[in-house]
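One structure is given below, encoded as C-alpha coordinates.
The values are calculated or read from the model by the stated rules, or taken from the named source; none is laboratory data. Because the structure is a prediction, the values reported are computed rather than measured. No Cβ is skipped: glycine too gets one built from the backbone with ideal geometry, and neighbour counts run over all protein chains shown. Protein only, heavy atoms only, side chains kept; ligands, DNA and RNA dropped before computing areas. Shrake-Rupley method; radii C 1.70, N 1.55, O 1.52, S 1.80 Å.
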Amino acid sequence: LGVGAAAAAALALAPPPPAASMRSCSRRTSRRPPTPPPSGNARRDAGGRFGFELNSEDFWELPPDFSLAQAVCSYGYFALAPNIWSPAMQDEHEDQGSLVRPLRYGKDSEEVVWAKITQEGRGTKAQRLRVGLERRLNSEDATVVMNGVARMLRVLTDLKEFHELCPAAKKRGFGRTFRSPTLWEDMVKTITNCNMKWSGTVRMNLLLCQKLGKNGAFPVPTEILTKSTDWLKENCKLGYRAERVRRLAASVEGLEGEKRLDLAWLDSRERTRDQAFNRVLEIYGFGNFAAYNVCQLLGFFDSFPYDSETARHFKEKHGVPSSEKLSNIMKRARVHYNKFAPYQFLAYWFELWCGYEARRGSTSTRWRVRGDQKESTALFDVTTPKKGKRGNRASRRAIHSTSAKIKLELSSNPGSTSSSEAPASLEQASLVSAEGKQCNGTVIAHRKPNKRNEIIKKKRQNEEAPRRISRRKRRSVQYFSPAMEG
(Lines give C-alpha, C1' and ligand atoms only; values in the text may rest on other atoms or scores of the structure.)
Protein backbone atom coordinates (compact mmCIF):
# COMPACT_ATOMS: atom_id res chain seq x y z
CA LEU A 1 0.00 0.00 0.00
CA GLY A 2 2.88 2.35 0.76
CA VAL A 3 4.39 1.82 -2.69
CA GLY A 4 1.03 2.44 -4.36
CA ALA A 5 0.47 5.65 -2.42
CA ALA A 6 3.96 6.91 -3.36
CA ALA A 7 3.37 6.21 -7.01
CA ALA A 8 0.03 8.02 -6.94
CA ALA A 9 1.65 11.04 -5.31
CA ALA A 10 4.41 11.11 -7.94
CA LEU A 11 1.85 11.06 -10.74
CA ALA A 12 -0.12 13.87 -9.13
CA LEU A 13 2.96 16.08 -8.83
CA ALA A 14 4.20 15.39 -12.40
CA PRO A 15 3.52 18.21 -14.95
CA PRO A 16 0.87 17.52 -17.61
CA PRO A 17 2.10 16.63 -21.14
CA PRO A 18 2.23 19.34 -23.85
CA ALA A 19 -0.96 20.08 -25.78
CA ALA A 20 0.62 18.99 -29.08
CA SER A 21 1.44 15.60 -27.64
CA MET A 22 -2.10 15.21 -26.39
CA ARG A 23 -3.50 16.08 -29.82
CA SER A 24 -1.22 13.59 -31.54
CA CYS A 25 -2.17 10.88 -29.10
CA SER A 26 -5.85 11.59 -29.62
CA ARG A 27 -5.42 11.34 -33.39
CA ARG A 28 -3.68 7.97 -33.09
CA THR A 29 -6.38 6.74 -30.78
CA SER A 30 -9.14 7.78 -33.15
CA ARG A 31 -7.44 6.17 -36.13
CA ARG A 32 -6.51 2.94 -34.37
CA PRO A 33 -9.13 1.84 -31.89
CA PRO A 34 -7.97 -0.76 -29.41
CA THR A 35 -8.28 -4.31 -30.76
CA PRO A 36 -10.67 -6.48 -28.77
CA PRO A 37 -9.23 -9.70 -27.35
CA PRO A 38 -9.47 -12.71 -29.67
CA SER A 39 -12.33 -15.11 -29.21
CA GLY A 40 -12.81 -18.76 -30.03
CA ASN A 41 -9.73 -20.88 -30.52
CA ALA A 42 -7.48 -18.07 -31.77
CA ARG A 43 -4.94 -16.39 -29.53
CA ARG A 44 -2.76 -13.34 -30.01
CA ASP A 45 0.82 -14.09 -31.12
CA ALA A 46 3.94 -12.08 -30.33
CA GLY A 47 3.89 -10.03 -33.53
CA GLY A 48 4.40 -9.99 -37.25
CA ARG A 49 1.88 -10.12 -40.04
CA PHE A 50 0.18 -13.30 -38.84
CA GLY A 51 -0.78 -12.08 -35.40
CA PHE A 52 -3.58 -14.56 -34.55
CA GLU A 53 -2.90 -18.26 -34.19
CA LEU A 54 -4.97 -21.42 -34.57
CA ASN A 55 -3.71 -24.77 -33.27
CA SER A 56 -4.49 -28.04 -35.01
CA GLU A 57 -5.00 -29.86 -31.72
CA ASP A 58 -8.18 -27.81 -31.17
CA PHE A 59 -9.72 -29.13 -34.40
CA TRP A 60 -8.31 -32.58 -35.27
CA GLU A 61 -5.58 -34.96 -34.21
CA LEU A 62 -2.36 -34.89 -36.18
CA PRO A 63 -1.08 -38.36 -37.26
CA PRO A 64 2.16 -39.46 -35.53
CA ASP A 65 4.02 -39.81 -38.84
CA PHE A 66 2.87 -36.46 -40.25
CA SER A 67 5.49 -34.26 -41.93
CA LEU A 68 4.57 -30.79 -43.12
CA ALA A 69 7.44 -30.62 -45.62
CA GLN A 70 6.61 -34.00 -47.14
CA ALA A 71 2.90 -33.19 -47.28
CA VAL A 72 3.50 -29.90 -49.10
CA CYS A 73 6.41 -30.78 -51.39
CA SER A 74 4.85 -33.88 -52.87
CA TYR A 75 2.77 -32.79 -55.87
CA GLY A 76 3.21 -30.12 -58.52
CA TYR A 77 0.25 -28.04 -57.42
CA PHE A 78 2.26 -26.77 -54.44
CA ALA A 79 4.36 -24.80 -56.95
CA LEU A 80 1.30 -23.06 -58.41
CA ALA A 81 -0.14 -19.74 -57.26
CA PRO A 82 -1.16 -18.70 -54.71
CA ASN A 83 1.09 -21.09 -52.71
CA ILE A 84 4.36 -19.79 -51.24
CA TRP A 85 6.70 -22.37 -49.72
CA SER A 86 9.72 -21.22 -47.72
CA PRO A 87 12.06 -24.14 -46.96
CA ALA A 88 14.00 -24.55 -43.74
CA MET A 89 17.62 -23.51 -43.51
CA GLN A 90 20.20 -26.07 -44.54
CA ASP A 91 21.22 -26.76 -40.94
CA GLU A 92 17.58 -27.13 -39.81
CA HIS A 93 15.11 -29.98 -40.07
CA GLU A 94 13.02 -29.89 -43.23
CA ASP A 95 9.80 -29.50 -41.22
CA GLN A 96 10.97 -26.07 -40.06
CA GLY A 97 9.74 -24.70 -43.38
CA SER A 98 6.47 -22.79 -43.75
CA LEU A 99 3.61 -22.56 -46.22
CA VAL A 100 1.93 -19.20 -46.82
CA ARG A 101 -1.20 -18.72 -48.90
CA PRO A 102 -4.64 -17.02 -48.79
CA LEU A 103 -7.62 -19.09 -47.61
CA ARG A 104 -11.31 -18.54 -48.31
CA TYR A 105 -14.15 -18.49 -45.82
CA GLY A 106 -17.53 -16.88 -45.21
CA LYS A 107 -20.69 -16.91 -47.29
CA ASP A 108 -19.95 -18.15 -50.82
CA SER A 109 -16.24 -17.99 -49.88
CA GLU A 110 -16.24 -14.24 -50.37
CA GLU A 111 -13.80 -13.46 -47.55
CA VAL A 112 -10.03 -13.98 -47.76
CA VAL A 113 -7.43 -14.30 -45.03
CA TRP A 114 -3.73 -14.96 -45.51
CA ALA A 115 -2.34 -17.79 -43.40
CA LYS A 116 1.08 -19.13 -42.46
CA ILE A 117 1.30 -22.85 -41.64
CA THR A 118 4.17 -24.26 -39.57
CA GLN A 119 4.80 -27.44 -37.60
CA GLU A 120 6.00 -27.87 -34.03
CA GLY A 121 7.18 -30.93 -32.09
CA ARG A 122 7.85 -33.19 -35.09
CA GLY A 123 7.75 -36.86 -34.05
CA THR A 124 6.63 -36.16 -30.48
CA LYS A 125 3.28 -36.47 -28.75
CA ALA A 126 3.08 -32.71 -28.54
CA GLN A 127 3.43 -32.16 -32.29
CA ARG A 128 0.92 -29.78 -33.86
CA LEU A 129 0.33 -27.41 -36.72
CA ARG A 130 0.26 -23.70 -36.06
CA VAL A 131 -1.82 -21.63 -38.47
CA GLY A 132 -1.07 -17.94 -38.13
CA LEU A 133 -3.75 -15.58 -39.48
CA GLU A 134 -3.83 -11.90 -40.33
CA ARG A 135 -6.87 -11.24 -38.17
CA ARG A 136 -9.15 -12.82 -35.64
CA LEU A 137 -11.94 -15.14 -36.87
CA ASN A 138 -15.01 -16.42 -35.10
CA SER A 139 -15.40 -20.11 -34.37
CA GLU A 140 -17.39 -20.91 -37.50
CA ASP A 141 -14.97 -19.19 -39.88
CA ALA A 142 -11.96 -20.68 -38.06
CA THR A 143 -13.42 -24.17 -38.57
CA VAL A 144 -13.81 -23.53 -42.32
CA VAL A 145 -10.19 -22.35 -42.58
CA MET A 146 -8.82 -25.33 -40.65
CA ASN A 147 -10.89 -27.77 -42.72
CA GLY A 148 -9.24 -26.30 -45.80
CA VAL A 149 -5.82 -26.82 -44.23
CA ALA A 150 -6.69 -30.44 -43.36
CA ARG A 151 -7.85 -31.13 -46.93
CA MET A 152 -4.81 -29.45 -48.45
CA LEU A 153 -2.33 -31.53 -46.41
CA ARG A 154 -4.44 -34.75 -46.34
CA VAL A 155 -4.18 -34.84 -42.56
CA LEU A 156 -6.88 -37.52 -42.22
CA THR A 157 -5.36 -39.88 -44.82
CA ASP A 158 -4.16 -43.21 -43.40
CA LEU A 159 -0.92 -44.35 -45.08
CA LYS A 160 -0.18 -47.46 -43.01
CA GLU A 161 -1.06 -49.97 -45.76
CA PHE A 162 0.75 -48.03 -48.47
CA HIS A 163 3.92 -47.75 -46.39
CA GLU A 164 3.86 -51.52 -45.87
CA LEU A 165 3.79 -51.98 -49.65
CA CYS A 166 6.42 -49.30 -50.30
CA PRO A 167 9.08 -49.15 -47.53
CA ALA A 168 11.04 -46.46 -49.37
CA ALA A 169 8.07 -44.10 -49.15
CA LYS A 170 7.65 -44.94 -45.46
CA LYS A 171 11.28 -44.12 -44.71
CA ARG A 172 10.81 -40.74 -46.27
CA GLY A 173 7.29 -40.07 -45.00
CA PHE A 174 5.89 -39.71 -48.51
CA GLY A 175 2.24 -40.32 -49.42
CA ARG A 176 0.18 -37.28 -48.49
CA THR A 177 0.29 -35.71 -51.94
CA PHE A 178 -0.51 -32.02 -51.88
CA ARG A 179 -3.83 -30.68 -53.12
CA SER A 180 -5.85 -27.46 -52.86
CA PRO A 181 -8.07 -26.36 -49.98
CA THR A 182 -11.14 -26.77 -52.23
CA LEU A 183 -12.18 -29.21 -54.93
CA TRP A 184 -13.06 -26.27 -57.19
CA GLU A 185 -9.46 -25.07 -57.22
CA ASP A 186 -8.21 -28.59 -57.92
CA MET A 187 -10.52 -28.96 -60.91
CA VAL A 188 -9.50 -25.64 -62.45
CA LYS A 189 -5.82 -26.49 -62.03
CA THR A 190 -6.47 -29.85 -63.67
CA ILE A 191 -7.92 -28.03 -66.70
CA THR A 192 -4.87 -25.77 -66.91
CA ASN A 193 -2.60 -28.81 -66.71
CA CYS A 194 -4.09 -30.69 -69.69
CA ASN A 195 -2.26 -30.54 -73.03
CA MET A 196 0.03 -27.81 -71.76
CA LYS A 197 3.67 -27.42 -70.82
CA TRP A 198 4.33 -26.81 -67.14
CA SER A 199 5.41 -23.23 -67.83
CA GLY A 200 1.99 -22.51 -69.33
CA THR A 201 0.21 -24.05 -66.35
CA VAL A 202 2.23 -21.85 -63.98
CA ARG A 203 1.45 -18.72 -65.97
CA MET A 204 -2.30 -19.37 -66.20
CA ASN A 205 -2.73 -19.95 -62.46
CA LEU A 206 -0.59 -16.94 -61.62
CA LEU A 207 -2.68 -14.68 -63.84
CA LEU A 208 -5.94 -16.05 -62.46
CA CYS A 209 -4.87 -15.06 -58.95
CA GLN A 210 -3.49 -11.68 -60.01
CA LYS A 211 -6.30 -10.62 -62.34
CA LEU A 212 -9.38 -12.15 -60.71
CA GLY A 213 -8.73 -13.41 -57.18
CA LYS A 214 -9.60 -11.16 -54.27
CA ASN A 215 -6.48 -10.13 -52.35
CA GLY A 216 -4.35 -12.53 -54.41
CA ALA A 217 -6.46 -15.59 -53.61
CA PHE A 218 -7.56 -18.19 -56.12
CA PRO A 219 -10.77 -16.94 -57.79
CA VAL A 220 -14.11 -18.52 -56.89
CA PRO A 221 -16.79 -19.41 -59.49
CA THR A 222 -18.68 -16.14 -59.01
CA GLU A 223 -15.53 -14.16 -59.82
CA ILE A 224 -14.92 -16.23 -62.95
CA LEU A 225 -18.47 -15.60 -64.17
CA THR A 226 -18.00 -11.84 -63.99
CA LYS A 227 -15.69 -12.07 -67.02
CA SER A 228 -16.34 -13.27 -70.54
CA THR A 229 -14.58 -16.12 -72.28
CA ASP A 230 -12.66 -13.71 -74.51
CA TRP A 231 -11.50 -11.74 -71.48
CA LEU A 232 -10.16 -14.91 -69.86
CA LYS A 233 -8.35 -15.82 -73.06
CA GLU A 234 -6.75 -12.41 -73.38
CA ASN A 235 -5.89 -11.59 -69.76
CA CYS A 236 -5.31 -15.02 -68.19
CA LYS A 237 -3.85 -16.73 -71.29
CA LEU A 238 -6.23 -19.70 -70.96
CA GLY A 239 -6.73 -20.22 -74.67
CA TYR A 240 -9.45 -22.76 -75.46
CA ARG A 241 -9.50 -23.65 -71.75
CA ALA A 242 -11.28 -20.37 -71.00
CA GLU A 243 -14.60 -21.79 -72.14
CA ARG A 244 -14.06 -24.93 -70.05
CA VAL A 245 -13.21 -22.98 -66.91
CA ARG A 246 -16.17 -20.66 -67.35
CA ARG A 247 -18.62 -23.49 -68.01
CA LEU A 248 -17.28 -25.32 -64.96
CA ALA A 249 -17.96 -22.21 -62.88
CA ALA A 250 -21.46 -21.99 -64.33
CA SER A 251 -22.16 -25.63 -63.47
CA VAL A 252 -20.99 -25.11 -59.88
CA GLU A 253 -23.35 -22.15 -59.56
CA GLY A 254 -26.11 -23.80 -61.59
CA LEU A 255 -26.29 -20.93 -64.08
CA GLU A 256 -26.33 -20.41 -67.86
CA GLY A 257 -28.17 -23.67 -68.49
CA GLU A 258 -25.39 -25.91 -67.16
CA LYS A 259 -26.19 -29.02 -65.15
CA ARG A 260 -25.53 -28.20 -61.51
CA LEU A 261 -22.39 -29.77 -60.02
CA ASP A 262 -22.59 -30.47 -56.29
CA LEU A 263 -19.00 -30.21 -55.10
CA ALA A 264 -19.92 -31.29 -51.58
CA TRP A 265 -21.50 -34.47 -52.93
CA LEU A 266 -18.48 -35.16 -55.13
CA ASP A 267 -16.01 -34.55 -52.29
CA SER A 268 -17.91 -36.74 -49.83
CA ARG A 269 -16.29 -39.91 -48.48
CA GLU A 270 -19.44 -41.84 -49.32
CA ARG A 271 -18.75 -41.58 -53.06
CA THR A 272 -17.11 -44.47 -54.88
CA ARG A 273 -14.43 -43.96 -57.49
CA ASP A 274 -16.71 -45.04 -60.34
CA GLN A 275 -19.42 -42.61 -59.24
CA ALA A 276 -16.95 -39.74 -59.06
CA PHE A 277 -15.27 -40.69 -62.35
CA ASN A 278 -18.55 -40.91 -64.28
CA ARG A 279 -19.84 -37.63 -62.87
CA VAL A 280 -16.64 -35.75 -63.75
CA LEU A 281 -16.74 -37.16 -67.28
CA GLU A 282 -20.12 -35.47 -67.75
CA ILE A 283 -18.53 -32.05 -67.25
CA TYR A 284 -17.61 -30.20 -70.41
CA GLY A 285 -13.88 -30.44 -71.18
CA PHE A 286 -13.02 -33.35 -68.86
CA GLY A 287 -11.59 -36.46 -70.52
CA ASN A 288 -10.19 -39.65 -69.05
CA PHE A 289 -6.93 -38.14 -67.82
CA ALA A 290 -8.64 -35.14 -66.20
CA ALA A 291 -11.31 -37.34 -64.61
CA TYR A 292 -8.74 -39.78 -63.20
CA ASN A 293 -6.66 -36.90 -61.88
CA VAL A 294 -9.67 -35.43 -60.09
CA CYS A 295 -10.32 -38.88 -58.61
CA GLN A 296 -6.83 -39.14 -57.14
CA LEU A 297 -7.22 -35.63 -55.75
CA LEU A 298 -10.43 -36.85 -54.12
CA GLY A 299 -8.44 -39.65 -52.45
CA PHE A 300 -8.99 -42.57 -54.85
CA PHE A 301 -5.38 -43.70 -55.22
CA ASP A 302 -6.32 -46.60 -57.50
CA SER A 303 -6.81 -44.09 -60.34
CA PHE A 304 -4.70 -43.98 -63.50
CA PRO A 305 -3.99 -40.38 -64.61
CA TYR A 306 -1.32 -41.45 -67.07
CA ASP A 307 -0.12 -39.05 -69.76
CA SER A 308 3.00 -38.09 -71.71
CA GLU A 309 4.98 -37.83 -68.46
CA THR A 310 4.24 -41.51 -67.86
CA ALA A 311 5.64 -42.32 -71.29
CA ARG A 312 8.79 -40.30 -70.65
CA HIS A 313 9.27 -41.92 -67.24
CA PHE A 314 8.92 -45.47 -68.58
CA LYS A 315 11.25 -44.79 -71.49
CA GLU A 316 13.93 -43.39 -69.17
CA LYS A 317 13.57 -45.66 -66.12
CA HIS A 318 11.94 -48.88 -67.31
CA GLY A 319 13.63 -49.44 -70.65
CA VAL A 320 10.58 -48.98 -72.86
CA PRO A 321 11.56 -48.35 -76.51
CA SER A 322 11.21 -44.76 -77.66
CA SER A 323 8.97 -45.88 -80.53
CA GLU A 324 6.43 -47.49 -78.20
CA LYS A 325 2.90 -46.12 -78.48
CA LEU A 326 1.39 -44.21 -75.58
CA SER A 327 -1.54 -46.64 -75.31
CA ASN A 328 0.83 -49.58 -74.90
CA ILE A 329 2.87 -47.72 -72.28
CA MET A 330 -0.29 -47.04 -70.29
CA LYS A 331 -1.13 -50.75 -70.33
CA ARG A 332 2.37 -51.54 -69.08
CA ALA A 333 2.02 -48.96 -66.33
CA ARG A 334 -1.22 -50.47 -65.10
CA VAL A 335 0.33 -53.93 -64.94
CA HIS A 336 3.50 -52.63 -63.31
CA TYR A 337 1.73 -50.77 -60.46
CA ASN A 338 -1.02 -53.30 -59.79
CA LYS A 339 1.12 -54.86 -57.07
CA PHE A 340 0.62 -51.67 -55.05
CA ALA A 341 -3.20 -51.80 -55.25
CA PRO A 342 -5.17 -49.88 -54.08
CA TYR A 343 -2.35 -47.30 -54.01
CA GLN A 344 -1.20 -47.50 -57.62
CA PHE A 345 -1.09 -43.75 -58.10
CA LEU A 346 0.99 -43.12 -54.98
CA ALA A 347 3.57 -45.71 -56.07
CA TYR A 348 3.71 -44.25 -59.57
CA TRP A 349 3.98 -40.68 -58.33
CA PHE A 350 6.66 -41.55 -55.80
CA GLU A 351 8.86 -42.87 -58.63
CA LEU A 352 8.12 -39.86 -60.80
CA TRP A 353 8.72 -37.38 -57.97
CA CYS A 354 12.08 -38.91 -57.11
CA GLY A 355 12.99 -38.52 -60.77
CA TYR A 356 12.22 -34.78 -60.62
CA GLU A 357 14.43 -34.43 -57.57
CA ALA A 358 17.25 -36.36 -59.22
CA ARG A 359 17.18 -33.99 -62.17
CA ARG A 360 17.54 -30.96 -59.90
CA GLY A 361 20.03 -32.61 -57.58
CA SER A 362 18.12 -31.72 -54.40
CA THR A 363 15.10 -32.84 -52.42
CA SER A 364 11.84 -31.03 -53.09
CA THR A 365 11.52 -29.97 -49.44
CA ARG A 366 14.46 -27.60 -50.03
CA TRP A 367 12.89 -25.94 -53.08
CA ARG A 368 11.70 -22.38 -52.66
CA VAL A 369 8.35 -21.48 -54.21
CA ARG A 370 7.17 -17.88 -54.33
CA GLY A 371 4.65 -18.15 -57.14
CA ASP A 372 7.26 -16.79 -59.54
CA GLN A 373 6.85 -17.75 -63.19
CA LYS A 374 10.49 -18.59 -63.91
CA GLU A 375 11.17 -20.23 -60.57
CA SER A 376 8.15 -22.57 -60.53
CA THR A 377 8.69 -23.51 -64.16
CA ALA A 378 12.27 -24.62 -63.53
CA LEU A 379 11.25 -27.09 -60.80
CA PHE A 380 9.82 -29.61 -63.25
CA ASP A 381 11.79 -28.84 -66.38
CA VAL A 382 12.35 -32.21 -68.05
CA THR A 383 13.53 -30.89 -71.41
CA THR A 384 16.97 -31.70 -72.73
CA PRO A 385 19.43 -28.86 -72.01
CA LYS A 386 20.17 -26.76 -75.06
CA LYS A 387 23.66 -26.43 -76.43
CA GLY A 388 25.59 -23.23 -75.91
CA LYS A 389 26.05 -20.60 -78.56
CA ARG A 390 29.39 -22.06 -79.63
CA GLY A 391 27.89 -25.49 -80.10
CA ASN A 392 25.01 -24.14 -82.17
CA ARG A 393 27.34 -22.04 -84.30
CA ALA A 394 29.68 -24.98 -84.90
CA SER A 395 26.78 -27.22 -85.87
CA ARG A 396 25.52 -24.62 -88.35
CA ARG A 397 28.96 -24.34 -89.92
CA ALA A 398 29.13 -28.11 -90.29
CA ILE A 399 25.73 -28.19 -91.95
CA HIS A 400 26.62 -25.44 -94.41
CA SER A 401 29.98 -27.00 -95.21
CA THR A 402 28.51 -30.42 -95.92
CA SER A 403 25.46 -29.09 -97.76
CA ALA A 404 27.14 -26.27 -99.67
CA LYS A 405 25.67 -25.11 -102.89
CA ILE A 406 26.19 -27.55 -105.71
CA LYS A 407 26.09 -26.15 -109.21
CA LEU A 408 25.49 -28.58 -112.00
CA GLU A 409 25.60 -27.45 -115.59
CA LEU A 410 23.01 -29.45 -117.44
CA SER A 411 22.81 -30.04 -121.10
CA SER A 412 19.65 -31.20 -122.78
CA ASN A 413 18.70 -32.52 -126.19
CA PRO A 414 17.43 -29.50 -128.14
CA GLY A 415 15.46 -31.76 -130.45
CA SER A 416 13.38 -33.28 -127.75
CA THR A 417 9.95 -31.73 -127.23
CA SER A 418 8.48 -34.21 -124.79
CA SER A 419 7.65 -32.64 -121.49
CA SER A 420 6.53 -35.86 -119.84
CA GLU A 421 9.92 -37.56 -119.72
CA ALA A 422 11.16 -37.80 -116.14
CA PRO A 423 14.90 -37.36 -115.51
CA ALA A 424 16.71 -40.53 -114.57
CA SER A 425 18.95 -38.78 -112.03
CA LEU A 426 19.78 -35.36 -110.66
CA GLU A 427 22.60 -34.98 -113.20
CA GLN A 428 20.14 -35.56 -116.05
CA ALA A 429 17.56 -33.15 -114.69
CA SER A 430 16.54 -30.26 -116.89
CA LEU A 431 14.12 -27.43 -116.82
CA VAL A 432 11.00 -27.76 -118.93
CA SER A 433 9.43 -24.54 -120.04
CA ALA A 434 5.76 -23.87 -120.28
CA GLU A 435 5.93 -24.47 -124.05
CA GLY A 436 7.25 -28.02 -123.55
CA LYS A 437 10.82 -27.27 -124.73
CA GLN A 438 13.91 -28.21 -122.72
CA CYS A 439 16.65 -25.68 -122.25
CA ASN A 440 19.96 -25.41 -120.46
CA GLY A 441 19.73 -24.61 -116.77
CA THR A 442 21.53 -24.53 -113.47
CA VAL A 443 20.34 -26.38 -110.38
CA ILE A 444 21.23 -25.17 -106.91
CA ALA A 445 20.58 -27.39 -103.85
CA HIS A 446 21.12 -26.12 -100.32
CA ARG A 447 20.05 -26.59 -96.70
CA LYS A 448 19.16 -23.89 -94.20
CA PRO A 449 21.15 -21.01 -95.73
CA ASN A 450 22.31 -18.35 -93.35
CA LYS A 451 22.10 -14.63 -94.02
CA ARG A 452 25.58 -14.37 -95.58
CA ASN A 453 24.89 -17.20 -98.03
CA GLU A 454 21.58 -15.58 -98.95
CA ILE A 455 23.34 -12.35 -99.92
CA ILE A 456 25.91 -14.21 -102.05
CA LYS A 457 23.17 -16.22 -103.71
CA LYS A 458 21.17 -13.11 -104.62
CA LYS A 459 24.24 -11.49 -106.19
CA ARG A 460 24.87 -14.56 -108.31
CA GLN A 461 21.24 -14.65 -109.33
CA ASN A 462 21.40 -11.05 -110.54
CA GLU A 463 24.56 -11.78 -112.55
CA GLU A 464 23.69 -15.17 -114.06
CA ALA A 465 19.89 -15.25 -114.20
CA PRO A 466 18.20 -11.90 -114.62
CA ARG A 467 14.78 -13.53 -114.32
CA ARG A 468 13.94 -16.18 -111.78
CA ILE A 469 11.41 -18.85 -112.71
CA SER A 470 10.64 -20.36 -109.27
CA ARG A 471 12.17 -20.49 -105.84
CA ARG A 472 11.60 -22.30 -102.55
CA LYS A 473 13.02 -20.98 -99.35
CA ARG A 474 14.48 -24.02 -97.56
CA ARG A 475 15.41 -27.61 -98.34
CA SER A 476 14.40 -27.22 -101.96
CA VAL A 477 15.83 -27.37 -105.46
CA GLN A 478 15.95 -24.16 -107.48
CA TYR A 479 16.41 -23.88 -111.19
CA PHE A 480 17.88 -20.92 -113.04
CA SER A 481 18.14 -20.62 -116.79
CA PRO A 482 20.19 -17.89 -118.45
CA ALA A 483 18.83 -18.94 -121.83
CA MET A 484 15.20 -18.57 -120.89
CA GLU A 485 13.51 -15.30 -121.72
CA GLY A 486 9.76 -16.04 -121.54
Select from segment 319-347 the residues that are in a helix (DSSP H, G or I) and among the β-branched types (Val, Ile, Thr) and write down the one among them that is surrounded by the most Cβ atoms within 10 Å (Cβ to Cβ).
Ile329
Going through (1) in contact (Cβ under 8 Å) with a residue 60 or more places away in the chain; (2) surrounded by fewer than 15 Cβ atoms within 10 Å (Cβ to Cβ); (3) among the aliphatic types (A, V, I, L, M) one by one, Ala264 fails only at (1)
Just one of Phe300, Phe314, Phe350 is of a type in the set (Phe, Trp, Tyr), in contact with a Lys or Arg (Cβ under 9 Å, 6 or more places away or on another chain) and not in a helix (DSSP H, G or I); which is it?
Phe300
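Residues to consider are Phe314, Phe301, Phe289; find the one that is aromatic (Phe, Trp, Tyr), open to solvent by less than 60 Å² (accessible area, probe 1.4 Å) and touching a Leu at 6+ places or on another chain (Cβ under 6 Å). Show your work before the answer.
Working: Phe314 fails: touching a Leu at 6+ places or on another chain (Cβ under 6 Å); Phe289 fails: touching a Leu at 6+ places or on another chain (Cβ under 6 Å).
Answer to the check: Phe301.
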How many residues are assigned to a loop (DSSP other than H, G, I, E, B) and of a type in the set (Gly, Ala, Ser) if we restrict to segment 285-297?
2
The one condition in (1) over 26 Å from Gln70 (Cβ atoms); (2) buried (at least 21 other Cβ atoms within 10 Å of the Cβ); (3) touching a helix residue (DSSP H, G or I) at 6+ places or on another chain (Cβ under 8 Å) that Leu207 fails to fulfil:
(2)
Residue among Val382, Val369 that alone is buried (at least 16 other Cβ atoms within 10 Å of the Cβ), modelled with pLDDT under 90 and closer than 30 Å to Leu206 by Cα
Val369
Please specify each residue of segment 214-243 satisfying the condition of being crowded, with 21+ Cβ neighbours inside 10 Å, of a type outside the set (Phe, Trp, Tyr) and under 17 Å from the mean Cα position of the chain (by Cα).
Ala217, Pro219, Cys236, Leu238, Arg241, Ala242
Residue tally, condition touching a residue at least 12 places away in the same chain (Cβ under 8 Å) and in a helix (DSSP H, G or I), over segment 148-162:
8
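If only one of Arg179, Arg135 is assigned to a loop (DSSP other than H, G, I, E, B), open to solvent by 20 Å² or more (accessible area, probe 1.4 Å) and at pLDDT below 95, which one is it?
Numbers: Arg179 fails: at pLDDT below 95.
Among Arg179, Arg135, only Arg135 is assigned to a loop (DSSP other than H, G, I, E, B), open to solvent by 20 Å² or more (accessible area, probe 1.4 Å) and at pLDDT below 95.
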